[in-house]
Structures are given as C-alpha cells and as structure tokens.
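The values are calculated or read from the model by the stated rules, or taken from the named source; none is laboratory data. Keep in mind the model is a prediction, meaning the values are calculated, not measured. Note: ideal-geometry Cβ built from the backbone for every residue, glycine included; neighbour counts use all protein chains shown. In case anyone asks, the SASA skips ligands and DNA or RNA and just uses the protein heavy atoms, side chains included. Shrake-Rupley method; radii C 1.70, N 1.55, O 1.52, S 1.80 Å.
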Amino acid sequence: MSPRGRTRPDRSLEKALLETYDYVGGLDEVGRGALAGPVSVGLAIVARRTDDDFPEGLADSKQLTARARTGLVEPVRGWLVDHAVAHASPAEIDEHGIIGALRMAGLRALQQVADRGHAPGVIILDGVADWLTALEGTHAPKDSPEPAEVPSTPPVRMEVKADARCAVVAAASVLAKVERDRL
C-alpha cells in the first residue's frame, strides 16, 4: 500500500512471466461504461531488460487525477519496450456489442506492436472476463484483424485488479485513459 492507502503496483507477476516469455503485455480498457465515445484499449509491453524502477506515481488510471495521468504519459512510454492504444467506435460497439468492440480494439493494439516486432508471448488482462480471446464458435467482427494477421493471439492471464497491482497493466491503463480523454 502507498502512503495514500491505495495499492501500489509492482512487477512480481510480469517478472515471473518473463522467465518464460520474451515480451509480456499488459492490457486494460477504458470507456466501457461511458455513454458516448469509443472504447479504448491500452497495451503496454515489457521485456526482461525493462528497468525495475517504473515511473514514480504509476497507478491504476482511476486512482490518479487527470493532471497526474497526463504527467505520467512520457515517463511510462520511456519505461516500456513498446505500447499501443487502439479504439472501437460507437458504431462498432452498436454493431458488435461491447465484448466484440473490446476484442476489435485489443486486436488492433496487438497488431500495432506486432508490426514493430514486439508481439507479447502472454497478456495480463485486468478483470475476470477474457474478452480478448475468441470463444469457440464465435468470429471476430468483420473489421478486426484476422487471426492470421496477428501473429496468434497470445495466452491470456486474467488478474483481478491488475490495473492496480501490476505495473505493466497500470501503464496500459494510464496510456489508454489519457488518449481516450483527449478524443
């Protein structure tokens, strides 16, 4: 716990996963409950070489003021190996539902980092519901990258409160929230 009583993220889970994988991704969504605008997904990538000292003040975006979040963007980007924020529009949410729209945005973010050679071997996803992995018998929305385009959707490790407990997911949370707020 931090001095303010909030949970301070650490790197224990991502470091354990980095013993097996070259790149670990943290994924978090923002805008899911909003009445207007897109849903946005932030993806943050770390590697074994990533500095243990993540930016001071990094926390779940919901625990930070708008000013603190904005001030963290550049230090977070500098700390990460790679990052991406992708969106699904209100029309896509209406057409595909929130889960389909989240998956579209998540696949778009994965494609961005894969194009730069940083496809994660595993994803830490905040929450209890895996909206990234296609369920048996379902199909990706027509405008999302086809599975062949994304170098395979990596395994997903679900973690409750990962945005507050895992530094890489907190980083994704901050990047996604600031970009969506700018929209």
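List of remarks:
- Residue in the stretch 71-113 that is surrounded by the most Cβ atoms within 10 Å (Cβ to Cβ), counting only those that are over 26 Å from ALA47 (Cβ atoms) and without any contact (Cβ under 8 Å) to a residue 12 or more places away in the chain: GLY97
- When the stretch 36-50 is filtered for residues that are modelled with pLDDT under 95 and among the hydrophobic types (A, V, I, L, M, F, W, C), the ones remaining, listed by number, are ALA36, VAL39.
Each row is one residue, and each column tells you yes or no for (1) farther than 19 Å from GLU159 by Cβ; (2) open to solvent by 20 Å² or more (accessible area, probe 1.4 Å).
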residue	(1), (2)
GLU14	no, no
PRO38	yes, yes
ILE45	no, no
ARG48	yes, yes
PHE54	no, yes
ALA66	yes, yes
ARG69	yes, yes
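- Residues in the stretch 152-176 that are over 11 Å from LEU125 (Cβ atoms) and small (Gly, Ala, Ser): SER152, ALA164, ALA167, ALA170, ALA171, SER173, ALA176.
- Subset of the stretch 134-175 (residues that are polar (S, T, N, Q), loosely packed, with under 14 Cβ neighbours inside 10 Å and at pLDDT 55 or above): SER152
- Residue match in the stretch 6-25 (condition: under 28 Å from GLU95 (Cβ atoms) and touching a residue at least 12 places away in the same chain (Cβ under 8 Å)): yes
- Residue tally, condition at pLDDT 85 or above, touching an Asp or Glu at 6+ places or on another chain (Cβ under 9 Å) and part of a loop (DSSP other than H, G, I, E, B), over the stretch 5-35: 2
- Top-ranked residue in the stretch 36-51 [being assigned to a loop (DSSP other than H, G, I, E, B) and in contact with a helix residue (DSSP H, G or I) (Cβ under 8 Å, 6 or more places away or on another chain); ranked as farthest from LEU183 (Cα to Cα)]: ARG48
- Test for ARG8: is it surrounded by fewer than 24 Cβ atoms within 10 Å (Cβ to Cβ) and in contact with a helix residue (DSSP H, G or I) (Cβ under 6 Å, 6 or more places away or on another chain): no
- Residue count for the stretch 114-130, restricted to those that are within 20 Å of ARG48 (Cα to Cα) and touching a residue at least 40 places away in the same chain (Cβ under 8 Å): 8
- Among the residues making up the stretch 119-133, none is farther than 12 Å from PRO154 by Cα and at pLDDT 95 or above.
- Any hit, the stretch 103-123, residues being closer than 18 Å to LEU18 by Cα and part of a strand (DSSP E or B): yes
- Within the stretch 24-36, the set of residues being under 15 Å from LEU125 (Cβ atoms) and either open to solvent by 20 Å² or more (accessible area, probe 1.4 Å) or of a type in the set (Ser, Thr, Tyr) (or both) comprises GLU29, ARG32.
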